[in-house]
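Participant: Pasting a structure below so you can have a look.
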Ligand SMILES: Cc1ncc(COP(=O)(O)O)c(C=O)c1O
C-alpha cells in the first residue's frame, strides 16, 4: 500500500513544481513598506501594479486612524463566537444596512472572507434537483462552491451568450425532469483579463428562461457604476441580479465580504451558510474599518475619479504604443505578449530589477501556451508619472523580447525545463 504522502513527494502540483525557480521572486514575493504606488522589492523601489487597492484606501490617513482606534477599542478578539451564537453586534447590523443601501438591495449579510462565503452561498442556494450554469472562466471560489453541488452543473463558454443559451436549454429540460430550478453564475468583472461579465445580456435571457442570477463582483464593487455600486449599476441591471457578492479585499482595502439580495433570501442564507454559521464572526475592527471605508466610497467620488484618470491614462497609453490589452472594460489592465515561460521570467526580472516595475505575471496553464500576460491593477494612489515611467519600461521590454534578448538570457532555464 502507498503512503499518503508518496504523491506529494513525487508531484508538487501545477504551480508548486516551479517553486525552486520561482519562489520568493515570481511567487510569494515580499513587497515591503507602506501599501502605496511605490514600495520596496528586494531592497529596490518599484512601482506596484499588483495590489488591488483600487481607491487608494489602504494607507489613507483617515482609514489608518480609524483602523488603529478600532484595534485599540476592540482588540482582535471581539466579538467571540459565530454570528448565530455569540458574535452578533449592532455594528455588524449597521454595516449590513449601509451596504444594502449602497448596492441598492433590500438586505445584506456579512462574510468573514469572500472565498469561503462564496463557496457557502453557492452551496446554500441549490439543492440536488437544481442545476447550475456558470461561466467557464469563473474564479476558484465559484468553482469550489459548484463542486459541493450534488446535482447537475454546466459551464458556458466565457462571456458567450450563444453558449449560455445552449446550456440554459439543456438545463431547462433537465430541471423539468428533476423538478428543480436554475442558478446562473457570472462575475461582474473577470479579474484576470478585465472583461465585464455580460450581465445585461444574461439578464435579457430571463425573458426566455426561468433562472436566478448570482454575480461575484469582487473587482466591480467600488470601481464601476455611477456611485461605485458595481458592474450591475454600470450596466443598468442591478435590480435583476438576484444575489450580489462583493469582497472588502479590493476597493475597500480590508478583509471580509458580503452578499446582498431580497430580505427573504438573505434571511434564508444567514441560517444556511455553513462557513458563517460554524466560524467566528467578522472581527469588530474590520467592521468599524469597513463602515469608515464605505462612508468614504459614498462621500468621496473623487476617489473613483482619480482611479479612472489613472486607468484611462494607462490603458490609452498602452494602446497608443501598440500593446495588446485584450477586451478589458474595467480597471484590470492586461498586457498580452508572445513568449515562452522562461522568456517571461527573464522579462519580469528585467522589469523589476532594471525598470523598477512590479506587476503580476500570468502564463500557461492559466492562459494559452506561448502567451505572457502582464496584469496591472491601477489605483487612485498612482500618479501620471508612474504611468509614463511604466509605458517607457514596457516599450523597452517589448524591444528586448522581440530582439531575442530574453531568449538568450533564459536559454539555460529553457534547457532545464525542456522548453
Ligand atoms: C472574483 C473574486 N471572488 C472572490 C474572491 C475572494 O475574496 P476574499 O479575498 O475576500 O476571500 C476574490 C479574491 O479576492 C476574487 O477575485
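Participant: Would you please put 104-112, 376-384, 5-13 in order of how densely packed they are, using the mean number of other Cβ atoms within 10 angstrom per residue and starting with the highest?
Facilitator: Highest mean packing first, the order is 376-384, 104-112, 5-13.
Participant: On a full-extension model of 0.36 nm per residue, what is the gain between residue 392 and residue 10, subtracting their alpha-carbon distance, rounded to one decimal in nm?
Facilitator: 133.2 nm
Participant: Please work out the Cα center distance from region 367-400 to region 193-227, rounded to the nearest Å.
Facilitator: Each part's Cα centre sits 28 Å from the other's.
Participant: Another one. How would you order 295-301, 307-313 from highest to lowest mean count of nearby Cβ atoms within 10 Å?
Facilitator: By packing density, highest mean first, the sequence is 307-313, 295-301.
Participant: Please find, in a Gaussian network model of the chain (springs between Cα atoms separated by less than 10 Å), the residue of 324, 386, 135 whose mean-square fluctuation is greatest.
Facilitator: Maximum among the listed residues: 324.
Participant: Can you list, bin by bin at 10 Å, the percent of alpha carbon pairs in region 318-419, starting at 0?
Facilitator: 14, 50, 29, 7, 0
Participant: Return the Cα extents of region 61-299 along principal axes one, two and three, sorted largest first, each rounded to a whole Å.
Facilitator: Ordered largest first, region 61-299 gives principal extents of 57, 37, 28 Å.
Participant: How do 362, 348, 146 rank when sorted from fewest to most other Cβ atoms within 10 Å of their own Cβ?
Facilitator: 362, 146, 348
Participant: Additional query: With everything on Cα atoms, drop me the angle between helix 284-299 and the longest principal axis of the chain, reported from 0 to 90° to the nearest 10.
Facilitator: 80 degrees
Participant: Can you work out the FRET efficiency for the pair residue 169 and residue 147, with r the C-beta to C-beta distance and R0 = 30 Å, to the nearest 0.05?
Facilitator: 0.80
Participant: What list do you get for 48, 121 if you sort them by fewest beta carbons within 10 Å?
Facilitator: With the fewest neighbours first, 48, 121 line up as 48, 121.
Participant: Give the angle, between 0 and 90 degrees and rounded to the nearest 10, that separates the Cα long axis of helix 384-402 from the longest principal axis of the Cα atoms of the chain.
Facilitator: 60 degrees
Participant: OK, next. Translational diffusion coefficient of region 8-98 at 37 °C, 0.692 mPa s, Stokes-Einstein with Kirkwood Rh over Cα pairs, in µm²/s as a whole number.
Facilitator: 189 µm²/s
Participant: What list do you get for 15, 374, 4 if you sort them by fewest beta carbons within 10 Å?
Facilitator: 4, 15, 374
Participant: A further question follows. Hey, what angle do you get for helix 90-102 against the long axis of the chain, alpha-carbon based, 0 to 90 degrees rounded to 10?
Facilitator: 70 degrees
Participant: Here's a follow-up. Summing -39500 (n - 2.57) over the DSSP H runs of n ≥ 4 in the chain and dividing by its residue number, what mean residue ellipticity at 222 nm do you reach, to the nearest 500 deg cm²/dmol?
Facilitator: The helix-only estimate for the chain comes to -12500 deg cm²/dmol at 222 nm.
Participant: Ok, one more. For region 197-287, divide the Cα radius of gyration by the Kirkwood radius and give the resulting Rg/Rh value with two decimals.
Facilitator: On the Cα set of region 197-287, Rg over Rh gives 1.00.
Participant: Averaged over all directions, how much area does the convex hull of the C-alpha atoms of the chain cover when projected, in nm²?
Facilitator: 23.0 nm²
FYI, it's all coordinate maths here, none of it is from the lab. Quick caveat: nothing in here was measured; it's all calculated off a predicted structure. Cβ sites come from the backbone with ideal geometry, for glycine too, and all protein chains shown count toward neighbours.
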